[in-house]
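J.: Pasting a structure below so you can have a look.
The values are calculated or read from the model by the stated rules, or taken from the named source; none is laboratory data. On a predicted model such as this, the values are computed, not experimentally measured, just so you know. Cβ sites come from the backbone with ideal geometry, for glycine too, and all protein chains shown count toward neighbours. Ligands, DNA and RNA are stripped out before the accessible areas are found, and what is left, the full protein with its side chains, is counted by its heavy atoms. Shrake-Rupley method; radii C 1.70, N 1.55, O 1.52, S 1.80 Å.
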Amino acid sequence: FLIIHQPIKSQVDINNKIMLAQSFEQAGDYDKAIKLFEEIYSVQPQNYQVFESLNRVYTQAKKYESSVTLIQNRIKLNPKDINLFGMLGSTYYLMGNESKAFDAWEDGIKTQPENQMSYRIIANHAIQRRAFEKAIDYLKRGKAVSENPELYAYDLANIYSLTMQYKEAASEYCSLLEKQPTQMSAVEN
């Protein structure tokens, strides 16, 4: 009986610590949140939610070096996880080191350059950091390798509109309509 219930009790304790760490994070007490998330992560390093939470709190507390170390260690375990390279680049970007950010994002794409989603994932990280020109570059490159380049037209048009490059946005919408005229109402919106 005790052998069966011990893992359940342990998981309940971890869940309670996660909720407590999240409440500290929401209250802006990042040091306490970090301490709890680090404790949980040391017990459950495979738990991706805890990893993401710990990284998020590191960046909110501006402990960028800790974030970089955490992500680099995770990349060693999962060298093909493009999202990790996106996160690493985002941390470098927050640090003000754009060249390292761009290198990390490029490294992510290099893990699977034939995969059209690689470009979208990295572009999304660039968009989150408001590196719109880089996002445009990644989306254009993804569009070039994609079997379905129309998927990229919306994203490119939105970024072009956001950056007031209306001619390019209109061009993307027109190319989309040429291939898929049924998208007229979506393009009008």
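J.: Once Rh for the range 15-171 is found with the Kirkwood sum over Cα pairs, what is the Stokes-Einstein diffusion coefficient at 4 °C and 1.567 mPa s, in µm²/s?
T.: After rounding, the answer is 78 µm²/s.
J.: Moving to a separate point now. So, with a 1.4 angstrom probe, what is the percent of accessible area on the range 72-189 that is carbon and sulfur?
T.: 52 percent
J.: So which residue, out of 106, 168, 150, gets the largest mean-square fluctuation from a GNM of the chain using Cα contacts under 10 Å as springs?
T.: Of 106, 168, 150, the most mobile in the Gaussian network model is 168.
J.: Could you tell me which residue out of 125, 61, 89 lies farthest along the dipole of the chain toward its positive end? Charges go on the beta carbon: Lys and Arg +1, Asp and Glu -1, centred on the Cα centre.
T.: Final value for the positive-end residue is 61.
J.: Around residue 174, what is the net charge, scoring Lys/Arg as +1 and Asp/Glu as -1 over all other residues with Cβ under 15 Å from its Cβ?
T.: Residues close to residue 174 contribute a combined charge of -2.
J.: Still on this structure: Within the chain, what is the longest stretch that has no trypsin sites (Lys or Arg not before Pro) placed in a DSSP loop and near at most 14 other beta-carbon atoms within 10 Å? Write out the running numbers ahead of the final one.
T.: Values: sites that count: 62, 80, 130.
Between exposed loop sites, the widest span is 1-61.
J.: Here is a further query. Here are some pairs, 76/134; 80/143; 32/76; 76/179; 63/110; 35/76; which of them have Cα atoms lying more than 31 Å apart in this structure? Could the numbers behind the result be given before it?
T.: Details: 76/134 26 Å; 80/143 21 Å; 32/76 27 Å; 76/179 42 Å; 63/110 27 Å; 35/76 23 Å.
The pairs that break the limit, which is 31 Å between Cα atoms, are 76/179.
J.: Have a look at 113, 185, 144 and report the one farthest towards the positive end of the charge dipole of the range 93-189, computed about the Cα centre with Cβ charges (Lys/Arg +1, Asp/Glu -1).
T.: Checked the options; the winner is 113.
J.: Let me spell out the model: positive unit charges on the Cβ of Lys and Arg, negative unit charges on the Cβ of Asp and Glu, origin at the Cα centre of the chain. What dipole size does that give, in debye rounded to 20?
T.: Numbers: 21 positive and 23 negative charges, 76 e Å.
Dipole size: approximately 360 debye.
J.: For Cα pairs less than 8 Å apart in space and 6+ apart in sequence, what is the mean separation divided by the residue count of the chain, i.e. the relative contact order in percent?
T.: This gives 10 percent for the chain.
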